[in-house]
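See below for the structure under consideration.
Values in this text are rule-based calculations from the coordinates and carry no lab data. Worth saying up front: this structure is predicted, and the values here are computed from it rather than measured. Methodologically, a virtual Cβ is constructed for each residue, glycine included, from the backbone with ideal geometry; neighbour enumeration extends over all protein chains shown.
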Amino acid sequence: MVIQERVRFGEARLFIGGRWVEGGTPIPVRDKYTGEVIGIVPEARREDVEAAVAAAQEGAKAMAALPAWRRAEILRRAAELIREQKEDFARLIAAEAGKALKWARAEVERAIWTFTIASEEARRISGEVIPLDAVPAGEGYFGFYIRRPVGVVAAITPFNFPLNLVAHKVAPALAAGNAVVLKPASATPLTSVKLCQVLEAAGIPAGGINLIFGPGGTVGEWLAAHPVVGKVSFTGSRAVGDRLTRVVGIKKLTLELGNATPVVVAEDVTDLGWVARRLAVGAFYNSGQVCISVQRIYGTRRVYEPLVETFAKAAQEMVVGDPLDERVDVGPLIDEREAMRVEGWVQEAVSGGAQVVTGGRREGPVMWPTVLIRARPEMRVVREEVFGPVASVLEAADFEEALAAANATEYGLQVAVFTRDINRVLRAIQGLNFGGIIINDTPTFRADHMPYGGVKGSGLGREGVRYAMEEMTHVHMVVIRPAP
Ligand code: NAP
């Protein structure tokens with residue numbers, strides 16, 4: 001049977017201070033393909049947010065008191081438990097996020113690695129000796145710094161990777177000896193419930209991880225602005241990131257925001273079919289709802305026409321439909337309203353002179369992989385983050401013009417360049433202003449231990465376990481001199 005029985009999750013509770021407790025108004029969680037209610041979570045009231053932060057404050061003391069090897073053991077055990085329940089996690093992600101099962105499984109596999117890496121990094125976190133005698137005033141002094149946990153980390157996460165992007169906050173926070181209050185996206189809270197059950201079974205101290213639900217505009221902001229929180233780690237849209245810079249107050253802040261991801265294809269590439277297939281996966285998997293989804297593909301003059309043809313063919317080969325069907329590549333968007341927005345952006349581009357080569361079709365929340373040509377730089381499909389299965393192929397006079405066009409954006413998360421020419425590689429590395437530059441693969445490439453994050457409108461700070469841990473700790477400098 002291709003489609004197994006659909007997921008039913010039941011009623012969840014808030015997780016505060018090591019106990020599953022009742023909250024406020026029940027919020028239904030739907031299967032994003034069928035629209036059926038698959039679970040219920042309670043909305044946190046203001047007093048629940050207060051209780052979660054207070055529990056995390058206690059939990060932070062317990063976490064900081066744990067020796068590194070114990071923190072490492074808990075994280076390793078959590079990774080093992082996720083592996084044991086890999087298929088259940090994958091099917092839950094497929095249901096609540098609408099992610100095709102094959103990609104949901106890939107996400108779970110990555111989350112296992114994120115926890116495994118965090119378990120290893122928990123043993124390695126350390127300071128550095130500073131040669132104070134580098135200046136005359138430091139002569140005779142000995143100095144080093146240590147890293148201490150910030151205490152309470154508020155983790156606010158998006159819907160598009162309900163497990164691994166939660167893991168990217170929770171695992172490094174715990175590895176560094178912090179406690180966490182997690183507020184997942186309202187569309188996808190159930191995977192976080194399952195993750196907290198895993199952490200509980202892995203032996204995390206009470207209050208080490210706390211889970212609350214509810215609308216970002218209320219529950220998310222109460223949490224982010226809370227004075228006891230030492231660090232806000234947010235992944236989501238630029239608009240919300242921008243708002244958080246104004247509400248969090250004096251505390252550490254990481255913002256992992258969006259991108260209008262560009263790709264440059266130089267005329268020296270030899271296997272255009274391979275390039276096109278990699279780009280089609282990068283543009284359309286998870287229905288383009290990936291912060292580094294391929295959106296603007298610049299082909300130089302000699303490669304442009306065959307690039308359009310091969311890319312459109314690769315887009316047409318993607319199987320669209322029920323995410324729980326093993327064969328499907330592209331499932332629904334997170335809801336029908338989002339699909340209608342994306343369709344509207346395509347229609348707006350077409351009325352401004354762009355042309356649909358393939359796709360453009362929508363049925364309910366499902367949007368078919370769409371390839372546009374003749375889109376203009378001022379159109380929303382080029383300038384803003386589409387966050388849907390739509391990519392434009394654009395013609396550039398030469399490699400330099402393509403690099404300039406790729407750079408002409410308010411964003412700066414990741415970019416990709418396909419070329420066999422080392423001089424072009426060097427010019428790309430020197431010229432492109434993005435947090436990540438991928439040569440000869442899709443810009444959606446990410447290994448979970450590499451530093452990851454953006455410049456400009458794409459955010460502040462870096463994730464990638466070790467880099468997140470650095471941002472979830474304070475440096476404390478110690479200076480010693482012999483007593484007189
Ligand atoms: P979103 O609407 O910004 O929501 C993200 C999270 O923030 C959700 O938990 C949301 O809660 C909460 N939130 C909303 N308003 C808030 C507020 N005023 N204060 C505090 N929290 C608030 O983003 P999304 O639609 O879930 O995700 C898509 C966006 O995330 C895209 O722009 C994408 O590029 C970006 N993203 C970036 C990365 C990266 O690593 N750079 C990775 C993945 C996604 P509710 O769900 O209740 O609204």
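Based only on other Cβ atoms within 10 Å, what is the fewest-to-most ordering of W274, W69, W222?
Neighbour counts put them in this order, fewest first: W69, W274, W222.
Decide, for the chain, between rounded, prolate and oblate: order the square roots of the alpha carbon gyration tensor eigenvalues as a ≥ b ≥ c, take rounded if a/c falls under 1.5, and otherwise choose prolate if a/b is larger than b/c, else oblate.
Oblate, because a/c is 1.5 or more while a/b does not exceed b/c.
Provide the net charge surrounding T157, with neighbours chosen by a C-beta distance below 10 Å and charges set as Lys +1, Arg +1, Asp -1, Glu -1.
My count for the surroundings of T157 gives +1.
When the helix-only estimate is applied to the chain (DSSP H runs of n ≥ 4, each -39,500 (n - 2.57), divided by the residue count), what is the mean residue ellipticity at 222 nm, nearest 500 deg cm²/dmol?
Computed mean residue ellipticity for the chain: -12000 deg cm²/dmol.
Treat the count of other C-beta atoms within 10 Å as a stand-in for reagent exposure and order F142, F9, F115, F213 from fewest to most.
Least crowded to most crowded, the residues run F142, F9, F213, F115.
In which sequence would E378, E267 go, from the one with the fewest C-beta neighbours within 10 Å to the one with the most?
Fewest-to-most Cβ neighbours within 10 Å comes out as E378, E267.
Taking a ≥ b ≥ c as the square roots of the eigenvalues of the Cα gyration tensor of the range 262-447, is the shape rounded (a/c under 1.5), prolate (a/b larger than b/c) or oblate?
Because a/c hits 1.5 or more and a/b exceeds b/c, the range 262-447 counts as prolate.
Please give the Cα centre distance for the range 170-207 versus the range 396-429, rounded to the nearest Å.
Measuring centre to centre over Cα atoms gives 39 Å.
May I ask for the net charge around I38, where only other residues with Cβ less than 15 Å from the Cβ of I38 are counted and Lys, Arg are +1 while Asp, Glu are -1?
-1
Using alpha-carbon positions, what is the distance between the centroids of the range 270-304 and the range 308-386, in Å?
The two parts, judged by their Cα centres, are 13 Å apart.
Which of the GluC sites (Glu not before Pro) found in the range 86-186 are loop residues per DSSP with 13 or fewer other Cβ atoms within 10 Å of their Cβ?
Passing sites in the range 86-186 are E139.
If a/c stays under 1.5 just call it rounded; otherwise compare a/b with b/c (prolate if a/b is bigger, oblate if not). Do that for the range 255-322, with a ≥ b ≥ c from the square roots of the Cα gyration tensor eigenvalues.
Verdict is oblate for the range 255-322.
Can you tell me which lysines have their Cα less than 23 Å from the Cα of K456? Leave out same-chain residues fewer than eight positions away.
The qualifying lysines are K169, K231, K251, K252.
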